[in-house]
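Peer 1: Sharing a structure with you now.
The values are calculated or read from the model by the stated rules, or taken from the named source; none is laboratory data. The model shown is predicted, which means the values in this text are computed figures rather than measured ones. So basically every Cβ, Gly included, is an ideal-geometry build from the backbone, and we count neighbours across all protein chains shown.
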Amino acid sequence: MFGFTGKATQGSFLHDVFTSLPPHYDLINHLFTLGLDGRWRLLAVRECLKGNPQKVLDICCGTGDLSLTIANMGSGCVEVTGIDFSRPMLEKAKQKAEKRGLSDRVSFISGDIAAIPFPDGHFDCIGVSFAFRNLTYKNPFAGKYIAEVIRVLKPGGRFVIVESSQPHPGSKIIKWLHRFYVRHIVYRVGWLVSGNKEAYCYLSDSALNYYGAEELQRFLTESGFSRVSFRRLLLGAAAIHVAII
Ligand SMILES: C[S@@+](CC[C@H](N)C(=O)[O-])C[C@H]1O[C@@H](n2cnc3c(N)ncnc32)[C@H](O)[C@@H]1O
């Protein structure tokens, strides 16, 4: 469906996609997850806050929902940083923080996950919502991104991922419905609402062909995490993975 020809193409393609999507991003996200994205982020936030972390990083924070929920639920005891390379996404995140009176509990910074601007072992926890797929699906920089996450996590630190996944292999009807929904609804409606055909072609292609929960668990273990557990959401359409370094 979509082919990448090289590192520069992939990096700038994703940057262009996420610089052009912001006006519709939150709305489309809510629509496609049937309004469940907020609930799934909340479950991920609970995982992030286990063990009472002092410093939490939200990578690929987008319009800031994961960071803001951590800041809100951490009740002032957690220092939260959100990082993303799309300035329009970060602008939205900052506006939300101001509106919700959370500006003093969370900072949003511009940067690439290939070079996280913090020293080794700085964070107790790193969270990522609906963006790990972008970092790792046919992405030639995937190894660099994971190495950076591992570098800035403290020994014993937690990496929490909430991401779309694949329905359980045993359930053929659900698998068919999932494919139909992503290929025909997500792709066409996303294209219609955003006007960006290429972006939704990539998003639906990557959603259909990304790792299932066990595969992602294996990938994280092979990447250097010592313990990786997961929980399936909505019959496997999404999953939360917790990986300990
Ligand atoms: C699908 S959005 C997810 C946003 C947000 N985490 C959420 O829950 O809605 C993916 C985000 O990843 C960001 N992104 C992708 N690759 C990145 C990279 N290499 N460095 C920094 N941000 C990146 C994009 O700019 C975009 O905001």
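Peer 1: Filter the range 67-91 for residues that are more than 16 Å from the ligand (Cβ to nearest atom), hydrophobic (A, V, I, L, M, F, W, C) and surrounded by fewer than 17 Cβ atoms within 10 Å (Cβ to Cβ) and give the result.
Peer 2: Listed by number, the list holds a single entry, Cys77.
Peer 1: Here is a further query. Give me the residue from the range 173-205 that is among the polar types (S, T, N, Q) and closer than 22 Å to Asn139 by Cα and, out of that set, surrounded by the most Cβ atoms within 10 Å (Cβ to Cβ).
Peer 2: Across the range 173-205, the extreme among qualifying residues is Ser204.
Peer 1: For the range 145-165, what are the residues that are more than 10 Å from the ligand (Cβ to nearest atom), of a type outside the set (A, V, I, L, M, F, W, C) and more than 16 Å from Gln217 (Cα to Cα)?
Peer 2: Arg151, Lys154, Pro155, Gly156, Gly157
Peer 1: Is it true that some residue in the range 30-41 is at pLDDT 90 or above and closer than 18 Å to Phe159 by Cβ?
Peer 2: Looking for residues that are at pLDDT 90 or above and closer than 18 Å to Phe159 by Cβ, one finds at least one in the range 30-41, hence yes.
Peer 1: Checking the structure you have, find out if any residue of the range 32-41 is β-branched (Val, Ile, Thr) and under 25 Å from Ile245 (Cβ atoms).
Peer 2: No: zero hits.
Peer 1: Within the range 128-144, identify whether any single residue is crowded, with 21+ Cβ neighbours inside 10 Å, more than 10 Å from the ligand (Cβ to nearest atom) and either among the basic types (Lys, Arg) or farther than 15 Å from Phe219 by Cβ (or both), and answer yes or no.
Peer 2: So far as the range 128-144 goes, no, none of its residues is crowded, with 21+ Cβ neighbours inside 10 Å, more than 10 Å from the ligand (Cβ to nearest atom) and either among the basic types (Lys, Arg) or farther than 15 Å from Phe219 by Cβ (or both).
Peer 1: Give the residues of the range 216-245 that are surrounded by fewer than 14 Cβ atoms within 10 Å (Cβ to Cβ), of a type outside the set (D, E, K, R) and closer than 19 Å to Cys48 by Cβ, sorted by residue number.
Peer 2: Ser226, Ser229
Peer 1: Every residue in the range 34-49 that is within 10 Å of the ligand (Cβ to nearest atom) and either touching a Gly at 6+ places or on another chain (Cβ under 8 Å) or not in a helix (DSSP H, G or I) (or both), please.
Peer 2: Ala44
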